[in-house]
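Asker: Just passing along the structure, written as structure tokens.
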Amino acid sequence: MSETDSLLEFPCQFAIKAMGKSRDDFDAIVVEIVRRHAGDIREGAVSSRPSRAGTYVSVTVMIEATSREQLDAIYQGLTDHPDVLMAL
């Protein structure tokens, strides 16, 4: 898919969401993976929400996306990590 085929216009604000088993460092794992491809993440750009039973957690990171390739690399990094069960 080329840049002109994308429905997104870059640069743009984009929410990356990752879900995994609830653990103390899951937020840090997700942020570190996103930071590899998106650079510094601004204060307040990360939020997390536990599941109703507290077994799982979702972490959302707002970034300034610069390209489809950047987003693909972030999602690949997240899905490759054994603690990330799903990335949206």
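Asker: State the percentage of accessible surface on the chain attributable to carbon and sulfur atoms; use a 1.4 Å probe and exclude ligands, DNA and RNA.
Answerer: C and S atoms contribute 51 percent here.
Asker: Per residue, how big is the convex hull of the chain when only Cα atoms are used? Give it in Å³.
Answerer: Given the Cα convex hull of the chain, per-residue volume reads 94 Å³.
Asker: Could you state the accessible area per residue of the chain in Å², with a 1.4 Å probe and every protein chain left in place?
Answerer: The answer is 64 Å² per residue.
Asker: How much length would be gained if the chain were fully extended between Phe10 and Met86, taking 0.36 nm per residue of separation minus their Cα-Cα distance, in nm to one decimal? List each step's numbers first, then the result.
Answerer: Numbers: separation 76, 0.36 × 76 = 27.36 nm, distance 2.43 nm.
That works out to 24.9 nm of additional length.
Asker: Going toward the positive end of the dipole of the chain, with +1 on Lys and Arg Cβ and -1 on Asp and Glu Cβ, which of Val57, Pro82, Ala28 do you reach last?
Answerer: Val57
The values are calculated or read from the model by the stated rules, or taken from the named source; none is laboratory data. Predicted model, so just to flag it, every value in this text is computed and none were measured. Positions of Cβ are backbone-derived with ideal geometry, glycine not excepted, and every protein chain shown enters the neighbour counts. Heavy atoms of the whole protein, side chains included, go into the accessibility calculation; ligands, DNA and RNA do not. Shrake-Rupley method; radii C 1.70, N 1.55, O 1.52, S 1.80 Å.
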